[in-house]
Amino acid sequence: MIKLGAKELRTKLPSEKDLKKIKKNPIYIIVDNVLDTYNVGGIFRLADAVSAKKVFLCGETETPPHTRIKKASINTTEWVAWQYASSAKEAIEDLRFKIKDLRIIAIEQNSKSIPYDKIDYQFPLTLVVGHESTGVSKEVLDVADYIAEIPMWGVNKSLNVIVSLGVVLYQAMKKINEKD
C-alpha cells in the first residue's frame with residue numbers, strides 16, 4: 001500500500017492534455033444547502049474520484065474560490081466542473097431539460113426511502129445531498145426517482161454528508177460496472 005503525505009495529497013493542476021484523457025461518467029452531484037465548507041471540499045474530491053461530469057452547488061452552499069473548500073478539496077475545485085444554482089430543484093429542472101432518462105436519487109432518511117443497496121442505479125445519474133441538519137429539501141424529495149437511505153445500527157442517527165455521498169456513489173459505480 002502506498003502511503004501519501006500532505007505534499008503528495010496536494011494534487012497539482014493536471015494539464016489540459018491529461019484532463020482530456022479522463023472519461024467523464026454521466027454523474028451529477030447536487031449539493032442542496034450544505035453549509036460546511038469542508039463538506040463541500042470533500043464533495044469535490046469524491047466527484048473527482050468517480051470522474052463525475054459536474055457538481056451543482058445550490059442555495060446557501062459556499063462556492064469556490066474559498067480557502068477552506070480549496071484545502072478540503074486538495075485542489076480538485078480547479079478541474080472538477082461545477083455550477084451554482086439558486087436551488088437544487090432549479091438544478092434538477094435544468095438537468096432534466098438537457099438530459100434524457102436522468103435518474104435522480106436523493107440521499108436522505110425519509111418515510112419513502114429505500115436501502116441504498118436496493119436501488120437500480122443507471123447512468124445518467126444525479127445524486128443529491130442536503131443540509132447537515134435539515135437534509136435534502138422537500139421540493140427535491142418530491143421529484144426524486146428514489147430516496148436512498150443508509151442503515152444506522154448504533155446510537156447516532158445519521159452519517160456525515162461526505163460519508164453518505166461516498167457510500168452511495170461507490171455503490172452506484174459498483175452496480176453500474178457489474179452491468180457492463
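The values are calculated or read from the model by the stated rules, or taken from the named source; none is laboratory data. Note that the coordinates shown come from a computational prediction; the quantities given were computed from them, not determined experimentally. Note that we place each Cβ from the backbone using ideal geometry, even for glycine, and neighbour counts take in every protein chain shown. When the accessible area is computed, the model is the full protein with side chains, heavy atoms only, and any ligands, DNA or RNA have been set aside. Shrake-Rupley method; radii C 1.70, N 1.55, O 1.52, S 1.80 Å.
Karplus-derived 3J(HN,Hα) values for region 163-168, using 6.51 cos²θ - 1.76 cosθ + 1.60 with θ = phi - 60°, are 5, 4, 4, x, 4, 6 Hz; glycine and proline are entered as x.
Where both bridge residues fall in the chain, DSSP classifies roughly 5% of the beta bridges as antiparallel. Our Cα-only numbers for the chain put the radius of gyration and Dmax at 15.9, 48 Å. Classify region 60-132: rounded, prolate or oblate, from the alpha-carbon gyration tensor (a ≥ b ≥ c, eigenvalue square roots; a/c under 1.5 rounded; otherwise prolate if a/b is larger than b/c)? Since a/c reaches 1.5 and a/b is larger than b/c, the shape of region 60-132 is classed as prolate. For the chain, the Cβ-based charge dipole about the Cα centre amounts to some 800 debye (Lys, Arg positive; Asp, Glu negative; other atoms uncharged).
In order along region 85-101, the phi-based Karplus estimate (6.51 cos²θ - 1.76 cosθ + 1.60, θ = phi - 60°) of 3J(HN,Hα) comes to 9, 5, 8, 5, 4, 4, 4, 5, 4, 4, 5, 5, 5, 8, 10, 6, 6 Hz; Gly and Pro are listed as x. For A85, nonlocal amide neighbours, meaning residues 5 or more places apart or on other chains whose placed amide H falls under 5 Å from its own, are L57, C58, G59.
Accessible surface for L95 stands near 10 Å², nearest 10, in the context of the full protein assembly shown (1.4 Å probe).
Ranked from the most accessible area to the least, with a 1.4 Å probe and all protein chains present, what is the order of R103, R45?
Numbers: R103 45, R45 100 Å².
Reading off the accessible areas and sorting them downward yields R45, R103.
Using a 1.4 angstrom probe on the protein heavy atoms only, line up M173, M152 by accessible area, largest first.
M152, M173
In the full protein context, region 1-113 carries 58 Å² of accessible surface per residue, based on a 1.4 Å probe and ignoring ligands, DNA and RNA. Taking θ as phi - 60° and the Karplus parameters 6.51, -1.76 and 1.60, the scalar couplings of region 137-147 work out to 4, 4, 4, 6, 4, 5, 9, 5, 6, 9, 10 Hz in sequence order, x denoting glycine and proline. Considering only C-alpha atoms, what is the centroid distance from region 61-99 to region 144-180, in Å? Value for the Cα centre distance between the two parts: 20 Å. These residues, T67, T61, go from largest to smallest accessible area, 1.4 Å probe, as T67, T61. Rolling a 1.4 angstrom probe over the chain with all protein chains present gives an accessible area of which 53% lies on carbon and sulfur atoms. Here the translational diffusion coefficient of region 122-180 follows from Stokes-Einstein with Rh set to the Kirkwood radius across Cα pairs; for 25 °C and 0.890 mPa s it amounts to 190 µm²/s. Using the Cβ of V80 as centre and a radius below 11 Å, the other residues enclosed give a net charge of +2, where K and R count +1 and D and E count -1. Taking 24 Å as the straight-line reach from the Cα of K3, the lysines in range (excluding those fewer than 8 positions away in the same chain) are K12, K70, K71.
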